[in-house]
1. With 10 angstrom as the radius, rank 46, 510 by how many other C-beta atoms surround their C-beta, starting from the fewest.
2. Label points 7 Å out from Cα along the Cβ direction at residue 402 and residue 220: separation in nm?
3. Computed FRET efficiency, Cβ-Cβ of residue 392 and residue 653, R0 51 Å: what is it to the nearest 0.05?
4. With +1 assigned to the C-beta of every Lys and Arg and -1 to the C-beta of every Asp and Glu, and no other charges, what is the dipole magnitude of the range 283-358 about the Cα centre in debye, to the nearest 20?
5. Any idea how many Lys pairs in the chain come in under 28 angstrom at the alpha carbon, given 8 or more places apart or on separate chains?
6. Label residue 494 and residue 203 with points 7 Å out from Cα along Cα→Cβ: what is the distance between them in nm?
7. Using the Cα centre as the reference, give the magnitude of the dipole from point charges on the C-beta atoms of the range 335-438 (Lys, Arg: +1; Asp, Glu: -1; all else neutral), rounded to the nearest 20 debye.
8. If r is the Cβ-Cβ distance from residue 501 to residue 117 and R0 is 25 Å, what FRET efficiency results, to the nearest 0.05?
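Just so you know, all these numbers are worked out from the coordinates, no wet-lab data involved. Note that this is a predicted model, so its numbers are computed, not measured. Using ideal geometry, Cβ is built from the backbone for each residue, glycine included, and neighbour counts are taken over all protein chains shown.
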Amino acid sequence: MTLATLLPALLSCPAARAQDAAPGEEEPPPHEEAGEVVVVTGTRTERPLSESVVVTDVITREQVLESGASDASEVLETVPGVEVVRSFRGAGVRMQGLDPQYVLILVDGKRVIGRRDGVVDLSRIPAERIDRIEVVKGAASALYGSDAIGGVINIITRQPDQGLSSQAVASYGSRDTVDASETLGLRRESWAAGLSFGLHRTDGYDWDPSDEQTDGNAASQLSGEGDLDWKLSPAVRLLLDGGYRLRDSSGVDVVSAATFDRRNLTEDTSLRLGAELLPGQASKLSISATGNLFRDQYSLDQRGGSDLDVYEDSRELLGQLDAQWDQVLGGRQVLTLGGEGLRETLDSPRLSEPGERWRGAVFAQDAITLGPRDQLEVVPSARLDADSWFGLHPAPRLALRWDAAERLSLRINGGMGFRAPDFKEMFLLFENPSAGYQVQGNPDLRPETSLGLSGGVEAAPSRALTLRLDGWYTDLQDLITIDFVRDATASSPAAYSYVNVARAWTTGGEVVARLRLSRVLATDLGYTLTLTYDRDAARPLDGRAPHRGTFGLTARSPWLLAEATLRGEVVGPTRFYVDEDADGVEEALDTDPYANLKLRVEKTVLPRAWQRREGQGAGLPAGLRLFGGVDNLLNAGDALYIHLDPRLFYGGLVLDLPVPGGASP
C-alpha cells in the first residue's frame, strides 16, 4: 500500500483501536490482526504498524489485560529494550542504556509532567485507561524536542466501542494489594464519550526486616478520567478530555541513626481541548490546547524529634499549544508541518527562585515514496526549538525504509537529540551544614546533545513468524553532572554545581522473534545487548546490565475457554561502582543474574455472546472472566541493587456488562 492510497483513508477517520478478545471468541488470524494496528508515534502521522518507517513496538489492549498489570510501568516490564528502573523517585524507564531523563513520556501525544530527579513515575498512569502503548527507540527530538534522546513512549488512551459498553476489573492480592476499576463508554453516530474510575493500593515491603527502613513504598491512588469525541460534520471533529489522579505513598528512612517517616502526596490534573479539520480528502489540520498541573507535597517526620522535620510543597504547571498540518502531494509524498508553544513553571522550596521557561518550536517532515514498485520510502525531518533560557537548538533526522522483498524490510534512522536543563539543575539550592557543603544550580547550562544512528532488518518467513534484528549507536556530549566549584571559607561552605562536562556513548543490538501458532499458542522472545562507556571516568556506565532477555508465552484453550500467560525478563550480571571501604576509591561490584517471572491464568465463566436486536445489528459483549496469578514468581530482588517488588499472589475478575439499549442505531 503506497502513501497515495494510505494517507487519505487515514486522514478521514480516527486511528484504529485494539479490541478486547476473550478465549473462545472468533478472531482474525494473527497476521491480519497485526496489520490492523495503526501507529502514530514514529512519524506523528497515522499508518499501519506493518508499514512504519521507524521501528515501533506496540503493546495492545489485549496484551495489557493478559499481563495483569495495574499501571503503565508493569505493562512495560517485559518489553524488549525497555528496562523499568524502580527507586524512591518512582518507576521510570531506561532505553538504549540511557536513564529515564532521556526518555520522553507522552499520553495521547502530549508531554507528561511531574518528573522527580528526571523520572516520570509511570506507576501514576493506571492500566484501565490504556488502549495501547507505542515505543520508539532512539533520537526523536526532530519531532518531539527536548528529552527524546533515548526514545519516546506514547501511551494511547481507550476510546468507547460501538454502542454502550461497561467493563469492571477487580483484584486482590498479597500485601493487601487492591486494584479496582470501572470503564464506561458510549458511542453514537456523531459522538462518543468515555469515563473511567480507578482505585489502586498496596502495602510497602522491606527486604531487610532487621532495621526500620523500608525498601518499597506503601501506596494508594484514586483516579478519574473522561473524554468526549464530537463529530460536528464530516470535516470537523472536536475532542475534549481531562483527568485527576491523587496518589499517596509512604515509607520509612534511616539516616545517620535518625528514623524518618516519609510521605509523598501528589495530585495530577490535566485538561485538553482539540480539533481536527479535514478540508479535503488529502489534507488534515490538528490543533490542541493542553493544561497540566502537578502538585507534590513531600514530608519527613523525625521520630522522637522535630529539628530535622521537612515539608515541601512543589507545584509544576505546563500550558501547551500544538498545531499540525498533513498534506498529500502528488500521490507519492506526504508533507507534515507543525508548531508548538509551551510555558512551564515550577515553584519549589528547593529552588533558589521559581523556575519559568517559554519554548516555541516548528518542525517539518516529508515522507517520499520512490522506486518503480514503491519499495523505498525516505522521510527527512527537522525541528527548531527556541527556549527562553538556552536559545535556538536544531534537531534533524533522516529515516529510510526499503522493502527489499515482499516479507523483508530494512530500516535506517539517524538523527540528533537534545535534553534541555531542568529547573533543578538550573536553580537548586541545597545545603548540608553538618557535612560542610552546598549544591547550587547553574542557569548558564547548555542542553545535553546526542548523535544517534540505528538500523535493522525485519523478516516474516511465514504468516506466523516475524523476526527483527536492530542495532544502534549513540554519542552523548555536554552531559550535565555535579562538579566541585568552590573551596570552603570561614564564611561559606564548599560548593558544588551542575556543569556540562561529561561525555559518554552507548551501543548495542536487539533481536526479537514473534511466533503465532493459530489461536492456541503464541510466543514472543527478545534479547538486548547493551554496551556503554563513560569517556571521562574511562569505564562503563554503572547499573546497566549488558545482557537482558525477555519472553512471553500465551496458551489458549478454545474448548476450556481458558488461557495462561507466562512472561518475564532474565537479566545478566550488572556492574555498580561502590566505595565499600570508605577509602575514596570506588570498587567494581557485579550482581548475580536474576529472572523476574510473571504467571497469569484466566478462565471465562460466561462467554462474551453478541446479542442482536431486530434491525439493530450487533449489541454489546457480555461476559465474566476469573483470573489469578503471581508476580515475581522466583522472588528475585534485594534492598541495594535489584529493585523489584517481592513475590505477589493475586486473583480477581473482569466483568463486561450487557447494557439494555446499548446498540448503536
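1. Values: 46 19, 510 23.
Exposure proxy ranking, most exposed first: 46, 510.
2. That separation, rounded to one decimal, is 6.0 nm.
3. Working: r = 55 Å, r/R0 = 1.08.
E between residue 392 and residue 653, to the nearest 0.05, is 0.40.
4. Working: 8 positive and 14 negative charges, 121 e Å.
Roughly 580 debye, rounded to the nearest 20.
5. Working: 110/137; 110/231; 110/284; 110/424; 137/284; 137/424; 137/598; 231/284.
Lysine pairs, 8 or more places apart or on different chains, close enough: 8.
6. Going from the residue 494 label point to the residue 203 one covers 4.4 nm.
7. Working: 12 positive and 15 negative charges, 66 e Å.
Approximately 320 debye in magnitude.
8. Working: r = 19 Å, r/R0 = 0.77.
Result of the calculation: an efficiency of 0.80.
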